1. Quick one: residue 512 ticks every box in (1) crowded, with 23+ Cβ neighbours inside 10 Å; (2) modelled with pLDDT of 90 or more; (3) part of a helix (DSSP H, G or I) bar one, so which box is it?
2. Does region 439-452 include one or more residues that are in contact with a strand residue (DSSP E or B) (Cβ under 6 Å, 6 or more places away or on another chain), free of Cβ contacts under 8 Å to residues at least 24 places away in the same chain and surrounded by fewer than 18 Cβ atoms within 10 Å (Cβ to Cβ)?
3. So residue 477 clears everything in (1) surrounded by fewer than 21 Cβ atoms within 10 Å (Cβ to Cβ); (2) in contact (Cβ under 8 Å) with a residue 40 or more places away in the chain; (3) in contact with a helix residue (DSSP H, G or I) (Cβ under 8 Å, 6 or more places away or on another chain) except one condition, right? Which one?
4. Restricting to region 386-425, give me the number of residues that are without any contact (Cβ under 8 Å) to a residue 24 or more places away in the chain and either assigned to a loop (DSSP other than H, G, I, E, B) or in contact with a helix residue (DSSP H, G or I) (Cβ under 8 Å, 6 or more places away or on another chain) (or both).
5. Tell me which of these residue 416 doesn't satisfy, since it passes every other one: (1) surrounded by fewer than 21 Cβ atoms within 10 Å (Cβ to Cβ); (2) under 13 Å from the mean Cα position of the chain (by Cα); (3) at pLDDT 90 or above.
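The values are calculated or read from the model by the stated rules, or taken from the named source; none is laboratory data. Computed from a predicted model, the values in this text were never measured in an experiment. Every residue, glycine as well, gets a Cβ built from its backbone with ideal geometry; the counts of neighbours run over all protein chains shown.
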């Protein structure tokens with residue numbers, strides 16, 4: 001999409017910073033009146049609803065006037081900078097600069113004539129589509145943001161030779177830097193296999209992982225077998241054997257005088273008591289409780305970290321006021337839109353992830369890559385969405401009155417940052433295995449927190465996962481990332497009782513909460529989808 005300028009060539013208006021962005025907060029000026037700038041030099045840093053954006057100069061020239069103060073919210077279309085030598089600078093630049101290459105020229109739209117305003121070829125920042133799924137580049141063109149194109153020119157990288165890893169094959173800054181780093185080696189054909197494929201039809205390219213240990217055979221003996229304490233009790237009536245007692249021998253008949261040792265009556269269920277029980281001798285050990293499930297490793301206590309949100313009231317004052325704008329206001333508007341539009345309902349379940357925890361630990365030991373549970377959850381979700389439950393990999397176009405189902409899974413990962421909640425997107429997540437997903441989640445979360453993530457990686461998701469239990473909490477009622485139709489909240493994995501072959505044991509339990517838009521997703525569909533995700537996690541088949 002191209003921005004517009006006034007007919008005055010010396011005025012540069014605030015360009016369209018992204019789909020649906022109508023205003024931005026001026027964070028910092030990078031130039032001052034009287035400065036001489038070259039084309040693509042950064043004029044200012046602007047904060048949109050989710051991203052920190054650098055606004056480049058559309059041409060070379062001298063800055064005559066800056067319009068707006070730092071901290072001020074400016075509307076798209078308002079004059080941002082006035083140049084002092086507009087026509088002359090433009091003419092000299094045209095004479096001194098070589099003709100643009102095909103890569104540079106592809107983003108410059110034809111100017112509209114016969115109008116008081118014209119399309120400006122230099123006012124597009126973060127050019128992208130609001131619905132990334134299904135977009136493709138025109139023949140002979142490369143999808144890339146202007147900042148990425150500028151970086152490619154600075155590094156001497158031909159974008160037409162770079163395999164894009166962004167949504168729909170968009171070339172990202174990371175792709176350009178990777179291509180530049182490899183330029184010292186002898187030229188070789190591009191290796192498309194090393195890049196995630198943006199295939200329209202879902203395919204699995206999952207790396208083999210260590211197989212989960214086989215389930216133990218049904219346990220025939222009782223789980224709790226304390227050593228009986230024999231006591232001679234003449235005349236005592238023999239009672240039926242209880243849980244934990246020895247069986248009556250054939251020669252021991254009920255009602256006969258007892259001259260044989262008898263087991264002490266035991267409680268049916270052993271009690272788990274902290275410390276010694278009453279009557280226990282000093283140093284005597286308490287009887288064991290439930291056994292551990294195979295592969296179980298007890299959890300360790302982690303300190304609760306400080307929250308991203310902190311108190312803002314100075315000492316000695318009763319209150320503090322901060323502007324309700326930027327990311328925080330956008331979060332509020334999106335949440336209100338979701339609650340007002342989608343018909344929320346939530347289904348909840350738990351997964352026994354003891355075997356998955358063992359697989360996760362062994363994979364970390366073998367590969368050296370530290371993995372949390374989240375990449376495995378993401379892999380299980382992608383498997384369900386590209387399988388029988390593709391109806392949930394969808395968005396709603398309320399304006400057109402249509403439900404849009406997507407083939408590829410562009411997975412949103414809700415991320416808590418100092419600036420509020422952000423949902424960076426992992427494009428084509430269904431093509432990644434858990435190890436690759438773990439790295440992608442870490443990279444996108446880091447770039448979201450340090451505000452370096454490009455805007456096109458903050459939109460276009462088709463399903464979202466929220467790890468609400470990274471430190472605490474079990475179940476939740478998450479708000480859908482509208483216009484998506486479903487979101488999965490992952491609770492804190494805890495040590496709990498699991499049942500294996502009819503016997504209780506201590507294992508790892510993961511709470512899961514799946515919220516859906518009832519306008520699109522039926523309750524039975526949501527319950528079955530969650531059941532399939534649980535089954536994938538419990539069988540460690542992700």
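1. Result: residue 512 passes all but (3).
2. Checked against the condition, which is being in contact with a strand residue (DSSP E or B) (Cβ under 6 Å, 6 or more places away or on another chain), free of Cβ contacts under 8 Å to residues at least 24 places away in the same chain and surrounded by fewer than 18 Cβ atoms within 10 Å (Cβ to Cβ), region 439-452 yields no hits at all.
3. Only one criterion is unmet by residue 477, namely (3).
4. Here the count works out to 4.
5. (3)
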